[in-house]
Amino acid sequence: MRVLRAVTVTCVVLLAGLGIVSAQSWTPLNNQPTISASNPLLLSNGKVMVHDADAGDWWALTPDINGSYQNGTWSQLASLPSGYAPLYFASAVLPDTRVVVLGGEYNNGVGVWTTLGAIYTPKTNKWKKLKAPSGWTSVGDAQSVILENGTFMVANCCTTQEALLDAANLTWTSTGTGKYDINDEEGWTLLPSGYVLTVDANDAPNTNSELYDPTTGSWSSAGSTIVELEDPSSHELGPAVLRPDGTVIATGATGHNAIFDSITSTWSAGPDFPKVNGQQLDIADGPAALLPSGNVLVMTSPGVYNTGAHFFEWNGTSWNSVPGTPNAPDDSSYYGNMLVLPTGEILLTDFSTDVELYTSSGSPQSSWAPTITSVPTTLKPNATYTIEGTQLNGLSQAGAYGDDDQSATNYPLVRIINNATGHVFYCLTDKPSSMGVATGSQIVSASFKLPAKADIETGASQLEVVTNGIPSTAVSVTVK
């Protein structure tokens, strides 16, 4: 069980002997929050929704008129229903723009593995209570995922139970037959096939992995991870992220890592994390994010729950050390939450008032970008339109954690850039026809609503879709 973390701020220390790549950098927000910033979620209107750790309040980071999150401003959103103040819980942005949160290892600072939940409607800035599936006595620090068809799937942290949410009437259906072990500390990765991959964490020593088939609602073996990723004492694992080449880098709480090829459904051992000052680095719970370049950024620390964080990029063959944040010396991997922003930057929270943005080097391949095939070229404020294209959901969920704190961004955002001023305006994007990843030539549609007349500039503009920080080629439009 992870412990509550005291907020501390310290100076930067340099990694010695690990060959830091200097092109990458961290930049603090110019306007920092006043909360213990934790779970970040990217709303369908381009704003970032951030939870105040172990509390009931949520805040929004709105980018400035130039689309900068570094210069963005904070505003308080509605708080969770009375009595619900979780830490380490399941979360997701639904295809209809609402936000669902469920469970919590802690509630109001007490470890209870709560079954409480709530659903948030951004359009009205209101929360509504959400009951857990019938008969569940715990949800806790559960994993969750939005399936290819847009359905929210969540686990009971402490059993083999899983359930699917009917978002229209907020009811649940049981799923997940044949699970090999309980769900505790495991994470879920959505694959291009629509299957969900997990590495088992509750049968040490263990190298077992499983695949969930959404058509049958059942689990089956995905083979051996070759090396053991689960820490036998805590059962912790690290995050697992799908890359554009179809491989999943699954990180371990042992220092070991493994690679799953989603095309051939085979595993191979990856290189271990290095040692620092004789201590083995690992990710016993912690964040990872897919960069626009295709590399994966991870946050490690020595041993289970120990402090002294170090950051690396996985390029498909090796771990390359990159600079750390100001709080890194006093952070453990599990303090961190990462979110891929529409700018391609990675937003990092660590339960403190210091929110940092990571800027990486490298560029995405043109074939990874969303492509617009159909969109009206004359648009009106406050009106709703349909956009069609390919790869509008990107090639990956892009964000992952050991188990709780899901921060996927595999859904399209429509933004309009005014030609005369260069000012950036995000539309409210709604109901994509698919929430799959790496959908290839499949045409995906979504609706988008322009801001009100007072909140957008008229005239010649450029419209683009951005997913996982990678924008499409822009289409010329006129806002009248």
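Numbers for the structure displayed
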item	result
Check on residue 119, assigned to a strand (DSSP E or B) and outside the structural domain of residue 435 (by TED's automatic domain parsing)	yes
Matching residues, the range 99-117, being surrounded by 20 or more Cβ atoms within 10 Å (Cβ to Cβ) and not hydroxyl-bearing (Ser, Thr, Tyr)	99, 100, 101, 102, 103, 104, 105, 107, 113, 116, 117
Filter pass, residue 135 being surrounded by fewer than 22 Cβ atoms within 10 Å (Cβ to Cβ) and small (Gly, Ala, Ser)	yes
Filter result for the condition that a residue is acidic (Asp, Glu) and buried (at least 24 other Cβ atoms within 10 Å of the Cβ), over 272, 282	282
Unique match (being surrounded by fewer than 24 Cβ atoms within 10 Å (Cβ to Cβ), modelled with pLDDT of 95 or more, touching a helix residue (DSSP H, G or I) at 6+ places or on another chain (Cβ under 7 Å) and more than 22 Å from residue 203 (Cα to Cα)) among 307, 264, 247, 317	307
Residue count for the range 53-74, restricted to those that are in a loop (DSSP other than H, G, I, E, B) and either surrounded by 15 or more Cβ atoms within 10 Å (Cβ to Cβ) or not assigned by TED's automatic domain parsing to the domain that holds residue 353 (or both)	11
Considering residues of the range 148-207 that are among the polar types (S, T, N, Q) and assigned to a strand (DSSP E or B) only, the residue surrounded by the most Cβ atoms within 10 Å (Cβ to Cβ)	198
Considering residues of the range 369-416 that are without any contact (Cβ under 8 Å) to a residue 60 or more places away in the chain and not small (Gly, Ala, Ser) only, the residue nearest to residue 244 (Cα to Cα)	390
Checklist (1) farther than 20 Å from residue 334 by Cβ; (2) of a type in the set (Ser, Thr, Tyr); (3) outside any strand (DSSP E or B); (4) in contact (Cβ under 8 Å) with a residue 24 or more places away in the chain applied to residue 234, failing item	(1)
Verdict on residue 268 being in contact (Cβ under 8 Å) with a residue 60 or more places away in the chain, more than 24 Å from the chain's Cα centre (by Cα) and either in the same structural domain as residue 313 (by TED's automatic domain parsing) or closer than 16 Å to residue 143 by Cα (or both)	no
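The values are calculated or read from the model by the stated rules, or taken from the named source; none is laboratory data. Please read all numbers here as calculations on a predicted model, not as lab measurements. As a convention, Cβ positions derive from the backbone with ideal geometry for all residues, glycine included, and neighbour counts pool all protein chains shown.
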